[in-house]
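The structure appears right after this line, and notes come after that.
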């Protein structure tokens, strides 16, 4: 996968850690900022590496309560400037965190 991405001219960042985890389903980029799930698949070290990799964008951690697997299970970018959030046990707390840190 890495070779294919490089062949397409994309810049690839590799996590150089044996303990950091970062699940793609936990990362949402709005075009202005990054939301990252704090879940069973992404840990604090992975979140820190994500923030350090993209220092030009605010990066927010959103707790993902088990049994929800990742952030995209209840939060998504629906359109430019529009976030869609499930109105359920996992979506409500995620919404509270998300709305409190959105860059306008």
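Just so it is clear, none of the values below were taken in a lab; they were calculated from the coordinates. For clarity, every value in this text was computed on a predicted model and none was experimentally measured. FYI the Cβ positions are ideal-geometry reconstructions off the backbone, even for glycines, and counts take in every protein chain you see.
Each of 49, 15 has some number of other Cβ atoms within 10 Å of its Cβ, and from fewest to most they run 15, 49. With respect to the chain, whose longest principal axis is taken over its alpha-carbon atoms, helix 91-101 is tilted by about 70°. Note on the chain: with a GNM built from Cα contacts shorter than 10 Å, the maximum mean-square fluctuation among 42, 19, 53 falls on 19. Over the chain, the hull volume per residue, using the convex hull of the C-alpha atoms, is 114 Å³.
Over the chain, Cα pairs under 8 Å with separation of 6+ residues give a relative contact order of 23 percent. A Gaussian network model of the chain, with springs between Cα atoms under 10 Å, assigns the largest mean-square fluctuation among 35, 69, 47 to 69.
From helices alone, the chain scores -7500 deg cm²/dmol at 222 nm; the rule is -39500 (n - 2.57) for each run of n ≥ 4 DSSP H residues, then divide by the residue total.
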